[in-house]
Structures are given as C-alpha cells and as structure tokens.
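Reading through the structure tokens given below for one structure.
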Amino acid sequence: MLLALATGIGFRIRATQGRVKVRPGLQLTKSEIGTAFGKRATLVQFSTTFCSACRAAKVLIADVVAKRDDVKYVEIDAESNLQLVRKLNIKSTPTTIFIDAKGYEIARAVGAPKRDQVIAAINRL
C-alpha cells in the first residue's frame, strides 16, 4: 500500500514539474532583475549552483530566446537574491517567471520547462 502511494505521489510530481502555468502576479522592476525588459517578454529564471535541472533549463530557454529579438532571458541566483525570492514566493529551483513588457508576471514554470510550452507562453504575450 505504501509503495503504491509513493509511486502515485512520484508520478504526480513528475507530471506537474516544468509545466508552464498562467498566473497573473506581481510587477517586477528593471532594478530587481538587473536589466531592461524585452520588447515582448522577459524570462527570469531563478537558479542555484547545485541544481542540475537549472542548467538544463538555462540551455533550453537561452536557445529559444536566441531566435527572438523581442524576448530577453535573465538568470538570477536564488541564494544571492533572497528578498526577491521571498517577494515572488519561489519555492524551488529552477523556477522561470514569464513577464510582459511592463514587468508583470504572466506565467510561471516550476522545474525545467518543455520547449513547446516556453514557445507557447511567449506567443501568448
């Protein structure tokens, strides 16, 4: 019984990790992320040095953004920016925040996002 429960929980966690969820949120400022916003969107990834999924997410997002001149990508070290982590309620890394041209959070992905979901979230902005 315990094995079945643990397996079910594991499948649930795996299914929800990396999914981009539309989530209107707070407004960020340019000074909080350390750069100007992209014309269409800015993807802000919160990472930690010991996180292997963070490296995979960085490669994927940087590749998607490299093909677009209207989208910026910013990586923020979660350990060095605890005040911002608390403000945005970041619970784990990697967490990627999708913000619009005015700095408002539009969507969020917890875990390494999937390429098609990143592209779809950008296109919605």
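The values are calculated or read from the model by the stated rules, or taken from the named source; none is laboratory data. Bear in mind that the values here come from a model prediction, so they are computed numbers and not experimental data. Note that we place each Cβ from the backbone using ideal geometry, even for glycine, and neighbour counts take in every protein chain shown.
Here is the figure for the range 42-58: residues that are among the polar types (S, T, N, Q) and either at pLDDT below 95 or surrounded by fewer than 16 Cβ atoms within 10 Å (Cβ to Cβ) (or both) total 3.
When ILE61 is tested against the conditions (1) in a strand (DSSP E or B); (2) at pLDDT 95 or above, the lone failure is (1). Looking across the range 82-125, the residues that are of a type in the set (Ser, Thr, Tyr), under 19 Å from PRO24 (Cα atoms) and either in contact with a His (Cβ under 7 Å, 6 or more places away or on another chain) or crowded, with 17+ Cβ neighbours inside 10 Å (or both) come down to THR95, THR96.
Taking the range 88-119 as the range and being among the hydroxyl-bearing types (Ser, Thr, Tyr) and either more than 21 Å from PHE37 (Cα to Cα) or in contact with a Ser or Thr (Cβ under 9 Å, 6 or more places away or on another chain) (or both) as the test, the residues that pass are SER92, THR93, THR95. Of GLU32, GLU79, all but one fail to be touching a helix residue (DSSP H, G or I) at 6+ places or on another chain (Cβ under 8 Å) and surrounded by fewer than 20 Cβ atoms within 10 Å (Cβ to Cβ); the exception is GLU32. What pairs can you find where one residue is in the range 18-33 and farther than 26 Å from ARG115 by Cβ and modelled with pLDDT under 95, the other is surrounded by 13 or more Cβ atoms within 10 Å (Cβ to Cβ) and among the acidic types (Asp, Glu), and their Cβ atoms are less than 8 Å apart, with a gap of 6+ or different chains? Final answer for the pair search is LEU26/GLU105; GLN27/GLU105.
Just one of the listed residues (ILE122, ILE106, ILE76) is at pLDDT below 95, in a strand (DSSP E or B) and under 13 Å from LEU43 (Cβ atoms), and it is ILE106.
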